[in-house]
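What follows is a set of notes on a single structure, which appears directly below.
The values are calculated or read from the model by the stated rules, or taken from the named source; none is laboratory data. Here the structure is a predicted model, which is why all the values come from computation and not from measurement. All Cβ positions, glycine included, derive from the backbone under ideal geometry; neighbour counts span all protein chains shown.
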Amino acid sequence: MQVPAPFEYERATSVDQAIGLLDRLGDTARLVAGGHSLLPMMKLRLANFEYLIDINDLAGELGHITVEPERIRIGALTRHRELLESAVLAETFPIFADAERVIADPVVRNRGTLGGSLCQADPSEDLSAVCTTLGASCVIQGAGGRRVVTMEEFHRGPYETAVGDAEMLIEVRFPVRPNGSSAYEKVERRAGDWAVVSAGAAVWLADSASTAGEAGADAGAAGGAGPVIADARVGLAAVGPNTTGLPEISRALRGLPPSEELYERAGTIAAASCEPVTDRRGSADYKRHLAKELTVRALRRSVARAQQARTNSGTNSGTNTSTSTGNGSTDNGTNGTGHRTAPGNGHPQGD
């Protein structure tokens, strides 16, 4: 029977106390609640920490989905199950439900959290791709206060984030924009596994007459009287050292009417922009093929959903008031997939 090396147990009852413990104990400590990733690694002696800080009691502070007029704030301790079951997220960001359905299994989804998934910083992790696609920003708190970083700044490399030894991720913020929708596509070797490749897309539509400048002129030249793509974002996972955002696709699609030709163009950009490696999940060429195909599929579904939302006027009216839904105790340290976390990743909240 495998057992971890001896460690001391601390239980935090507030964010300030957790940060104080991290500040005092330094890189010898790690935050944990469910421990779906950290504890197996410790049992294998691949990760060793002298202190584990239990943050289950912080769910009252950090377990929430709060809707505001221009953004949705999600606490780092919000569980996967709650993200999957949230009616607000299903309406505003359907990409969440798409991704959550293919993350691990119900046992992990009942314990794993948004914060734990992001701090795992695995290049194949699903919610990192979702957050990149939606242009999310991360709120990090330490003894000196709070700071906000973009997803591109948050992930510094495989299993490494911007969260310092005496800091913790407390919240993720998602801007809310009208006339948009999103989708997530994933290929995995078996249900609940890490992605071979996955792609998320978010698209916002506008009337062609409302677009200005060169993009608007291009849309007019295309002869489309219907809606055009006002903006688009695509995020890929499992195709390089970091979850990949593709601003080139945004520039290529902006101001043009949606079409299969346009989706194919975006897919070609995705395949050319990623840096996959050959491993047991597939060859680099196969992964580039998937990056293209999944980008096309995600964009197609995002546009269809956005068009349906425009048809059903008032669909997003529920985001115009500030509400909050809390959750119970949760696992800020779980990676959300029940798989490994790399030791020594430079931040205390990987699991």
Worksheet entry | Options 192, 164: the member that is surrounded by fewer than 22 Cβ atoms within 10 Å (Cβ to Cβ) and not assigned by TED's automatic domain parsing to the domain that holds residue 258 | 164
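Conditions (1) assigned by TED's automatic domain parsing to the domain that holds residue 106; (2) within 24 Å of residue 194 (Cα to Cα); (3) among the small types (Gly, Ala, Ser), marked per residue:
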| residue | (1), (2), (3) |
| --- | --- |
| 3 | no, no, no |
| 16 | no, no, no |
| 20 | no, no, yes |
| 31 | no, yes, no |
| 38 | no, yes, no |
| 46 | no, yes, no |
| 51 | no, no, no |
| 65 | yes, no, no |
| 74 | yes, yes, no |
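Residues checked against (1) basic (Lys, Arg); (2) over 24 Å from residue 102 (Cα atoms); (3) surrounded by 22 or more Cβ atoms within 10 Å (Cβ to Cβ):
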{"position": "129", "(1), (2), (3)": "no, no, yes"}
{"position": "136", "(1), (2), (3)": "no, no, yes"}
{"position": "144", "(1), (2), (3)": "no, yes, no"}
{"position": "148", "(1), (2), (3)": "no, yes, no"}
{"position": "172", "(1), (2), (3)": "no, no, yes"}
{"position": "179", "(1), (2), (3)": "no, yes, no"}
{"position": "182", "(1), (2), (3)": "no, no, yes"}
{"position": "186", "(1), (2), (3)": "yes, no, yes"}
Worksheet item: From the list 131, 138, which residue is within 19 Å of residue 273 (Cβ to Cβ) and either at pLDDT 95 or above or outside the structural domain of residue 226 (by TED's automatic domain parsing) (or both)?
Response: 131
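What do you reckon, is residue 150 of a type outside the set (D, E, K, R) and free of Cβ contacts under 8 Å to residues at least 24 places away in the same chain? Don't jump to the end; show me each part of the working.
On the way: of a type outside the set (D, E, K, R): yes; free of Cβ contacts under 8 Å to residues at least 24 places away in the same chain: yes.
Here the answer is yes, as residue 150 does meet what is asked.
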Worksheet item: Within segment 128-145, which residues are assigned to a strand (DSSP E or B), under 18 Å from residue 78 (Cβ atoms) and not hydrophobic (A, V, I, L, M, F, W, C)?
Response: 137, 141
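Of these, 282, 245, 267, 240, which one is buried (at least 17 other Cβ atoms within 10 Å of the Cβ), under 21 Å from residue 134 (Cβ atoms) and out of contact with any helix residue (DSSP H, G or I) (no Cβ under 7 Å at 6 or more places or on another chain)?
Values: 282 fails: under 21 Å from residue 134 (Cβ atoms); 245 fails: out of contact with any helix residue (DSSP H, G or I) (no Cβ under 7 Å at 6 or more places or on another chain); 267 fails: out of contact with any helix residue (DSSP H, G or I) (no Cβ under 7 Å at 6 or more places or on another chain).
One residue alone meets the criteria, 240.
I need the full set of residues from segment 249-264 which are of a type in the set (Asp, Glu) and out of contact with any Lys or Arg (no Cβ under 9 Å at 6 or more places or on another chain), in order please.
Start the filter on segment 249-264 by keeping residues that are of a type in the set (Asp, Glu), which leaves 260-261, 264.
Hit for segment 249-264 is 261, nothing else.
Within segment 1-22, how many residues turn out to be within 15 Å of residue 142 (Cα to Cα) and surrounded by fewer than 16 Cβ atoms within 10 Å (Cβ to Cβ)? Walk me through it before giving the result.
If we filter segment 1-22 for residues that are within 15 Å of residue 142 (Cα to Cα), which is where we start, we get 12, 14-22.
Pick out the ones that are also surrounded by fewer than 16 Cβ atoms within 10 Å (Cβ to Cβ) and you get 14, 16, 20.
Of the residues in segment 1-22, 3 are within 15 Å of residue 142 (Cα to Cα) and surrounded by fewer than 16 Cβ atoms within 10 Å (Cβ to Cβ).
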Worksheet item: Just checking, which of 82, 68, 10, 61 is touching an Asp or Glu at 6+ places or on another chain (Cβ under 8 Å) and of a type in the set (Asp, Glu)?
Response: 10
Worksheet item: Given the conditions (1) surrounded by fewer than 16 Cβ atoms within 10 Å (Cβ to Cβ); (2) within 24 Å of the chain's Cα centre (by Cα), and given that residue 43 satisfies all but one, which numbered condition is not satisfied?
Response: (2)
Worksheet item: Which residues, taken from segment 7-39, are in contact with a helix residue (DSSP H, G or I) (Cβ under 6 Å, 6 or more places away or on another chain), modelled with pLDDT of 95 or more and β-branched (Val, Ile, Thr)?
Response: 13, 15
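Within segment 275-299, take every residue that is part of a loop (DSSP other than H, G, I, E, B) and without any contact (Cβ under 8 Å) to a residue 60 or more places away in the chain and give me the one that is farthest from residue 191 (Cα to Cα).
Initially, segment 275-299 is screened for residues part of a loop (DSSP other than H, G, I, E, B), giving 275-278, 280-281, 283.
Restricting the remaining residues to those that are without any contact (Cβ under 8 Å) to a residue 60 or more places away in the chain gives 275, 277-278, 280, 283.
Working: 275: 25, 277: 22, 278: 21, 280: 16, 283: 20 Å.
For segment 275-299, the residue satisfying everything is 275.
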Worksheet item: Here is a list of conditions, (1) closer than 30 Å to residue 21 by Cβ; (2) at pLDDT 95 or above; (3) of a type in the set (D, E, K, R), and residue 79 meets all of them except one; can you say which number that is?
Response: (2)
Worksheet item: Residue check, residue 67 against (1) crowded, with 24+ Cβ neighbours inside 10 Å; (2) modelled with pLDDT of 95 or more, all met but one. Which one?
Response: (1)
Item to complete: Taking residue 272 as the residue in question, decide whether it is surrounded by fewer than 23 Cβ atoms within 10 Å (Cβ to Cβ) and under 22 Å from residue 196 (Cα atoms).
Response: yes
